[in-house]
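Below is one structure, written out as structure tokens; comments come after it.
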Amino acid sequence: MQMRGKIRLMLWRGLHDDFVIAQFLDLECPWGRCMGDECGPGGIQTRAVWCAHVEGWTTLPTNCKQPERPDNQQSCFRVCDWHKELYDWQIGSWNQCRPVLSRSHEKPLECVRGEEGIQTRDITCIQKSNGVPAEDVICEYFEPKPRQEQGCLIPCRQDCIVAEFAPWSECSKTCGNGLQHRTRHVVAPPQFGGSACPNLTEFQICQSSPCTAEESLYSLNVGPWSACSVPHSRQIRQTRKKGKNKDKEKDREKAVRDPEAHELIKKKRNRNRQNRQENKYWDIQIGYQTRQVTCTHRNGKTAALSFCKQDKLPITFQSCVITKECQVSEWSEWTPCSKTCFDMTTPKGNRTRSRTIKQLPIGSESECPQLEETEQCVSQGDGVAPCITYGWRTTEWTECRVDPLLSQQDKRRGNQTALCGGGIQTREMYCVQANENLLSYLNTLKEKEASRPVDRRLCTGPLPSTSQLCHIPCPTECETSAWSAWGPCTYESCDDPQAKKGFKLRKRRITNEPTGGTGNCPHLLEAIPCEEPSCYNWRIMGLEECIPDNEKPCGPGTQVPVVICVNSDGEEVDRQLCRDAIYPVPVVCEAPCPKDCVLSVWSAWSSCSHTCSGKTTEGKQMRARSILAYAGEGGIQCPNSSALQEARSCNEHSCTVYHWQTGPWGQCIEDTSVSAFNSSASWNGEATCSVGMQTRKVICVRVNVGQVGPKKCPESLRPETVRPCLLPCRKDCIVTPFSDWTLCPSSCQEGNFIHCKQSRHRVIIQLPANGGRECPDSLFEEKECEASPVCYSYRWKTHKWRRCQLVPWYVRQDSPGAHETCGPGLQARAITCRRQDGGQADISECLKYAGPLPSLTQMCQIPCQDDCQFTNWSKFSSCNGDCGGVRTRKRTLVGKSKKRDKCKNSQLYPLIENQFCPCDKYSAQPVGNWSDCILPEGKMEVLLGMKVQGDVKECGQGYRYQAMACYDQNNRLVETSRCNSHGYIEEACIIPCPSDCKLSEWSNWSRCSKSCGSGVKVRSKWLREKPYNGGRPCPKLDHVNQVYEVVPCHSDCSQYIWVTEPWSVCKVTNVDLKENCGEGVQTRKVRCMLNTADGPSDTVEDYLCDPEEMPLGARKCTLPCPEDCVMSEWGSWSRCSLPCNGSSVRERSAESLRQPNDGKSCPTSTETEICTLNKNCYHYDYNVTDSPCPNLGLEKTWQMNTSCVVECPVNCQLSDWSPWSECSQTCGLTGKMIRRRTINQPFQGDGRPCPPQMEQFKPCPVKPCYRWQYGQWSACRVEDAQCGEGTRVRNISCVVFDGSIEDVGKAVDEEFCGEIEPIIDGNKKIILEETCTVPCPGDCYLREWSEWSLCQLTCVNGEDLGFGGIQVRSRAVIIQELENQHLCPEQALETRPCNDGQCYEYKWMASPWKGSSRTVWCQRSDGLNVTGGCLVMRQPDADRSCNPPCSQPHAYCSETRTCSCEDGYTEVMSSDGTLEQCTLIPVVVIPTMEDKKGDVKTSRAVNPTQPSSNQSGRGRTWFLQPFGPDGRLKTWVYGVAAGAFVLLIFIVSMIYLACKKPKKPQRRQNNRLKPLTLAYDGDADM
């Protein structure tokens, strides 16, 4: 057994120390499987233990120490399947990523991506119920243990990044020496061990003009307010006692004066106490709070108040409200689950619990907690029924209708009836309660009552289709064969021959059964009365050989006819039946003697020229024979040409034709004689429909005349007039039961009651047919709902403010002016909840529906003696509408204030305020995009519930709209009605109508490709106009833009036949005037004729006959001489025996008509040939035509046509446009309304495709948006002091904006926000005042928090590493006195995670060089200049000055920070590599061709600083500078030296070779000339 894991050797001390027991410890599976009878603890698992030598071989267990033998079994926990519900893995979160010790301790200079690390997590198997840990093997039984460690990435350290400094502040002092500062904020915090942020503040000393007055060193410092305290109870009691005594005295006086008034006052007080109910929810206690006022020196130390010289000190006390937190009751029990049934597929139900408020919060910033809690729930248990499910049901399909599809193609064909072909049918769908046994349930109901329909919204499954394509079979016409030939005159019935009256009959058969049976076919028999009928006659089949009379070898003789007996149908019968018929007599003939004229046998009689004989017509038929050999001397001569033809009468019967004519079958009427059968017969357990009888009218008709007496037609052939029929089953109308009544509004109605109606409906699922019960008239019912109660609306009722409560006397008695009971205080009031009708309501109703809670307390003022008192300001007077007018408001002095002079000072205390009336000027301007082109709403043509794309309402002229916004003169958005606008600009637009592919009409059919038999015929259309704008596409066209239709065509090959006349006399080409015999040519006429039952009748065009079967019209022939033997024409070949294997032969024969002279013989009379396959022998198979192969022994009836469906092209069918949706925005500029439509029927075949636009949008009318918005905080203000804790305030105003986030809004009158709840930034609590701190002169303090930075991700090369986004804000330190730096707090930094972060990159930026310096800074990818973020090692140089400086003439400091010479000068370097001087370079001037002095070469020195005298540019100048800017030789100098050295070696070599003596050639030199071989080495010069 192979074990994985560690091998641990345990030594046994005993007999031999060399023996050990081997125990294999597998970290994954050390023990075997836990075995046991029961689940849980108590199982046993084992392992193998044996003794082994240290070298590895196994030995006896006795060699190891037994006491040290490890256990080979232990108890374990046996896991069973049901434990899966009890145990599971508990997965902890990943720990911090720790670096992995890398092999090389050297870290790269530049961190690119980060450092690889590893992180771990705790994974424990626990019991789900109590979280107690269990053995891992239990959880591993069901699921492998998740991994406990994974690789991770420690990103590169990110230093703190800060923005640029803001501009310097103003000087802290207006005179003397002060400080000014500038600050910056943190852009990105330090992460992953990055360096901390630098100082966010910089200071510098600023100087102003000298101070003229002495600077104050002390400032009044106001401390924070203390917590609100409750006044001492003793003082409160004393105050109450005094108040009660006074009240009692007053009451006594009033009781004496007016007892009735006393009672009224008492009742009113009791009623107010009852109405307040204040103690149930709040108990307002007004207390007091104090603060300290100190005098502070500039160095931060506190001094006596006397150092702060100020007349009026700040108030050190004020009234306050004792804070009380919200108190709520315990949670109620959970309500029952809203879902009372069990189902795992539908959503879960909900249950709720609630709690009530016991104490509302007073003076607390925290609001009451949530009063209602909801959670999902599922009802389970034995008693819980499964949930009702709902499914779609459909009605029967309506009848198939073709006209909708035809009207798509041609409007004129839409109203046609009796159409057939491809159509469409529809059905209705409705939602029912699903029932698995629904079908069987329906079958058991007598009335076939279906499930009642329910609300369609309950069905959530896929919608069944409501339309489908269908097919109405087109009626097939009855097709008959041609009439047969007239039969012989026969009795009406040969079984009962009576009198002498007979009929000649002709018949035809049905070749194609019509729709609805053979009753729709024409008559198949016609009869002609005739005389002397007979049932049996002799038919001459041929003539025997001519036998000369008197047994002579030649001369006149007779031929005996070969006859058979046939009946009236032409069938051969027993010869005895023709005993009464006249037997044909022998025919006179002539057996030619030698040298006699020889004639051929008579041809067959031609077809009769007329089918009947009358006064003007008489039937004739012809036959002919020809001369085979002329007579010799002494022989009987040939007759003249007239004797070679014969004529006889035929079809001598009259043209009076009769036939039975049948009318249509009548209606099927129930036959009472078979009613007993109907009631008892059954089929598959269901009663069959009734059997009835049908009748029809049968009359005898004379062709081309009309009805005659029935005796004129053969009675025995009279068609039946009565037949049984199956009555169609009655189908009653089936409707569903009525649905439940729709629900009336269960809740109360807001405001005015609207009369609601409830309705119910039912659906027809089977229409009546065949006299079944009709459908009910009413499918929809409605009735008035009972009036539901009107909703109560709730409001807060505020009671009168109580008296103004001041700070207790013992607190304020030490303050100046304390002898007077006056000053600021607080007053409270009671609040109750009322219905609109005035009735009392629970406070929870008002908390839900009455809006925010009114304030319970307010500041109040008890006027002191010297205070001025006024009434409240009146409302502003109305504007008269005049632009530039003034409106005013007033107030008046109250009480003793009227007499005080200071109160009458209108400058300090104005009594009238004026305000200019606004000048309203409005202007409209368009906003947003144009809408889609929208057709005007109107009456739509509806087709089966679906509007067909392409009708008049799908294209044409429409309108598009653009919203109009109205602005006032202050560019504030106002209602569009102010601009006399309905809110839109309308513009006409065109939706182009789809144009279908237009083809020409069909051409005429071509000729059939086969003259007879099966072929094809073709017709074509060609393209006239291509489709556009989504019109119906063209069918597949060929390269010449034509489309073809090919249909099979078939004509009976016996319909047209080739008819030949007899061969002419053989015309000898080499005429022997004596003999008139020899080889020649004979001809005959070949005509294509219509073949009828009476034989060929009319000559037709030759193409109608098969050209391959056209007989020859001329042939070679041999005209026998008088002494030659004359043979008849060859007979037909005998049939080859099948199969055609080459072993059989066929033969034909001829007869000798005239014997030759003596000495001559006749040629052979029989000719044979071998049967060869596909030459003269053929194998036959059926080709499906309507002509059998009777001559080949192949008889079979084939169905010659079958119905097929040509699919109609179906246009795309769309639903109606939905109503316009609600506006996407309730206000603003960007609101849209959308309407949609869906595809009810996709297009098929060559139908018109669906348009791409399935939804349209239209801008909403522009409405101004209003919201409450905070104003800016005022500066922090400390009343009556220089520094310390003060207050800052802000106001709340109503602003109008355009709905976008960017629009900050413009202030408007508060009445526009009257219906908007004051919620700002999602917070209902409005804060208009807050405490703040004004630093004292010399204080060191922190600035306000900066704005949160942009959300930044941790990225590498623009790729997010997945650590999430982070934002940061900071507070900088402000110092006012340098001496107080030791008192400064630390600068603050705060971070928070964020979403929607971005990756930013930081790179160095540099300005152009200015001399030897430039500016270098770090910039973020969004353009923000920062400090930090860019790698220091990649920082470009900002200074390129040379050390020592370049002081030599014509020298400058280069980019490499070395001294170089200007152009035209070369460097002369010293031994230590520094520039010594710049020397002038000689200039070589090479004249050009245009230079007149081109033959003169000059070399002169040129000062590069002087302008060149070669103004015309005729010459070129090179400056040779062998030394570079660093004083070293340039590369080209080494190249020139190397070239000169190679040239010198070459010259020396040439001189040596020229001076060397040549060697004498060897005499025996038999070297052949070798061919020159060029090896291409890739050099382009080869």
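The values are calculated or read from the model by the stated rules, or taken from the named source; none is laboratory data. The model shown is predicted, which means the values in this text are computed figures rather than measured ones. Here the Cβ is made from the backbone with ideal geometry for all residues, glycine too, and neighbour counts use every protein chain on show. These area figures cover heavy atoms from the full protein model, side chains too; ligands, DNA and RNA do not enter into them. Shrake-Rupley method; radii C 1.70, N 1.55, O 1.52, S 1.80 Å.
Some notes on this structure:
- Solvent exposure of residue 147, expressed as accessible area, is near 140 Å², computed with a probe of 1.4 Å over the protein chains only.
- Computed label-point distance, nm, for sites residue 1546 and residue 54 using a 7 Å Cα→Cβ extension: 8.5
- Computed over segment 701-794, the Cα gyration tensor eigenvalues convert (square root of 5λ each) into semi-axes of 70, 15, 7 Å, ordered from largest to smallest.
- 3J(HN,Hα) couplings calculated from phi for segment 78-93 with the Karplus curve 6.51 cos²θ - 1.76 cosθ + 1.60 (θ = phi - 60°) are, in sequence order, 8, 8, 10, 4, 6, 5, 4, 7, 9, 10, 7, 6, 9, 9, x, 7 Hz; Gly and Pro show x.
- Residue-level accessible surface for residue 620, protein heavy atoms, 1.4 Å, Å²: 90
- Theoretical FRET efficiency, 1/(1+(r/R0)^6), r = Cβ-Cβ of residue 1002 and residue 403, R0 22 Å, to 0.05: 0.45
- Per-residue extension of 0.36 nm, minus the Cα-Cα distance of residue 1152 and residue 326, leaves a gain of 283.0 nm for this segment.
- Label point distance in nm, residue 865-residue 640, each placed 7 Å from Cα along Cα→Cβ: 18.2
- Loop-located GluC sites (Glu not before Pro) in segment 1066-1116 (DSSP state other than H, G, I, E, B) with a sparse environment of at most 14 neighbouring Cβ atoms within 10 Å: 1101.
- Pairs with C-alpha atoms separated by more than 26 Å, drawn from the list 998/1258; 620/1010; 921/1258; 84/348, are 998/1258; 620/1010; 921/1258.
- Distance from the Cα centroid of segment 1376-1423 to that of segment 1097-1149 is 118 Å (rounded to whole angstrom).
- Sites residue 803 and residue 978 - FRET efficiency at Förster radius 60 Å, r taken between beta-carbons, to 0.05: 0.80
- Accessible surface, 1.4 Å probe, highest first, among residues 266, 1116: 1116, 266
- Gained length - residue 1452 relative to residue 484, 0.36 nm times residue gap less alpha-carbon distance: 335.6 nm
- Between residue 604 and residue 1102, full extension at 0.36 nm per residue minus the direct alpha carbon distance yields a gain of 177.0 nm.
- Taking all protein chains into account, the per residue accessible area for segment 1224-1310 stands at 54 Å² (1.4 Å probe).
- Carbon and sulfur %, accessible surface of segment 48-188 computed with the full protein complex present, 1.4 Å: 49
- The chymotrypsin sites (Phe, Trp or Tyr not before Pro) found in segment 950-1008 that occupy coil by DSSP, while having at most 16 further C-beta atoms within 10 Å, are 1002, 1005.
- With DNA, RNA and ligands ignored, accessible area of residue 1050 (1.4 Å probe; Å², nearest 10): 80
- The loop-placed GluC sites (Glu not before Pro) in segment 775-815, going by DSSP, that have at most 16 neighbouring Cβ atoms within 10 Å of their Cβ come out as 786.
- Solvent-accessible surface of segment 1401-1458, taken per residue with a 1.4 Å probe and all protein chains present: 67 Å².
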